[in-house]
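Reading through the structure tokens given below for one structure.
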Amino acid sequence: MRGDDVAVLLALMSALVYGTADFCGGLAARRAPAQAVVAASQAAGLVVLLALLPWLGGAAGPADYAWAAGAGAAGTVGLVLFYRALADGVMSVVAPVTALCAAAVPVLAGFALGERLGPVAAVGIALALVAVVLVSADEGLSSLRQLRLRTLGAPLAAGTGFGLFFTLLDRTSPDSGLTPLLAARGTAVVLLLVPALIGRRSLRIPRPALPLVVVGGTLDVAANALYLVATQQPGPLAVLGVLASLYPVSTVVLAQVVLRERLVPAQAAGLGTAALAVVLITL
């Protein structure tokens with residue numbers, strides 16, 4: 001298997017695991033405050049990462065730690081803004097706008113860095129961008145009529161944060177292994193815990209939600225690892241970033257299978273579009 005094929009496979013696996021982690025986090029957030037769930041899951045992931053580093057670490061330099069810390073900061077700020085946008089706006093609008101922006105940032109960054117794609121792959125990327133919007137529109141496309149310019153700031157900024165996470169993590173060196181994730185995850189934990197401690201906000205997790213938090217945090221760091229290893233293989237950021245951004249697909253599928261939630265026509269179309277996009281990108 002060629003290096004770029006391995007990278008594509010790993011990016012797709014990271015999307016699957018990211019989506020599963022989000023599903024677990026969503027279930028946990030029904031039983032505990034969202035901020036507490038996010039902080040605890042990040043901390044759980046850090047513990048798992050520390051346990052794995054003796055075997056999967058690499059020769060990371062200061063630049064690797066800096067890029068990864070920036071990725072962790074961007075992703076954490078994006079997450080905070082995403083939850084704020086959900087609280088202040090319409091979920092069926094916030095989720096598609098955020099997902100589209102998260103997928104678009106690595107694509108634009110890849111082009112800015114001089115990457116050039118064939119026409120078939122370019123069409124696949126365009127379809128993937130459409131797919132993340134459709135899959136995230138859990139109330140159908142009609143809900144997007146509620147878009148208002150004044151309410152787009154937070155979801156666009158959140159999506160930019162998520163997209164920058166993918167983009168900045170791609171800048172780490174190929175021989176650094178999983179070590180850069182220590183800086184990314186550590187930065188996230190600090191940014192989440194310090195404000196909570198200063199504000200004396202409780203981050204206590206009820207016992208029924210604890211297993212979901214631990215599983216979600218473990219899966220999230222596993223997804224980070226899969227994506228990081230994907231970027232260490234030959235392959236364009238525009239492709240790897242957009243494939244990893246297809247994570248809403250697995251979240252939606254799990255919601256349908258486990259929770260028996262019904263797909264709206266837009267989401268069903270999004271799943272089909274995502275499948276076609278993957279086929280075109282991997283040709």
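The values are calculated or read from the model by the stated rules, or taken from the named source; none is laboratory data. Quick caveat, the model's predicted, so the values are computed rather than measured. A quick note on method: Cβ atoms are made from the backbone with ideal geometry, for glycine too, and the neighbour counts reach across all protein chains shown. What goes into the accessible areas is simple: the full protein's heavy atoms, side chains included, and nothing from ligands, DNA or RNA. Shrake-Rupley method; radii C 1.70, N 1.55, O 1.52, S 1.80 Å.
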Note down the nm distance, to one decimal, between modelled labels 7 Å out along Cα→Cβ at GLU115 and at VAL257.
2.8 nm
Determine the calculated [θ] at 222 nm for the chain from helices alone, applying -39500 (n - 2.57) to every DSSP H run no shorter than 4 residues and normalising by the residue count; nearest 500 deg cm²/dmol.
-25500 deg cm²/dmol
Placing +1 at every Lys and Arg Cβ and -1 at every Asp and Glu Cβ, with all other atoms neutral, what dipole size does the chain have around its Cα centre, in debye to the nearest 20?
900 debye
Region 150-242 - percent relative contact order, Cα under 8 Å, separation 6 or more:
52 percent
Compute the signed sum of charges (Lys and Arg +1, Asp and Glu -1) over the other residues within less than 10 Å, Cβ to Cβ, of VAL37.
+2
What does the charge count around ALA266 come to, taking other residues whose C-beta lies under 10 Å from its C-beta (Lys +1, Arg +1, Asp -1, Glu -1)?
-2
Can you compute the FRET efficiency between THR282 and VAL194 using 1/(1 + (r/R0)^6), with r the Cβ-Cβ distance and R0 = 45 Å? Round to the nearest 0.05.
0.60
With every protein chain in place, region 129-259: carbon and sulfur % of accessible area (1.4 Å):
67 percent
The local net charge around ASP138, scoring Lys/Arg +1 and Asp/Glu -1 for residues other than ASP138 whose Cβ lies under 11 Å from its Cβ, equals -1
By the mean-Cβ-within-10 Å protection proxy, highest first, 229-238, 242-251 rank as 242-251, 229-238
Projected convex hull area of region 185-283, Cα atoms, direction-averaged, in nm², equals 9.2 nm²
When Rg is the radius of gyration of the Cα atoms in the chain and Rh is its Kirkwood radius, what does Rg/Rh come to?
0.95
On a full-extension model of 0.36 nm per residue, what is the gain between ARG30 and ALA268, subtracting their alpha-carbon distance, rounded to one decimal in nm?
83.2 nm
More than 22 angstrom separation, counting every C-alpha pair in region 1-121; what % is that?
51 percent
In percent, what relative contact order does the chain have, based on Cα pairs under 8 Å that are 6 or more apart in sequence?
45 percent
Based on C-alpha coordinates, I'd like the Rg and Dmax of region 38-78, in Å.
11.7, 30
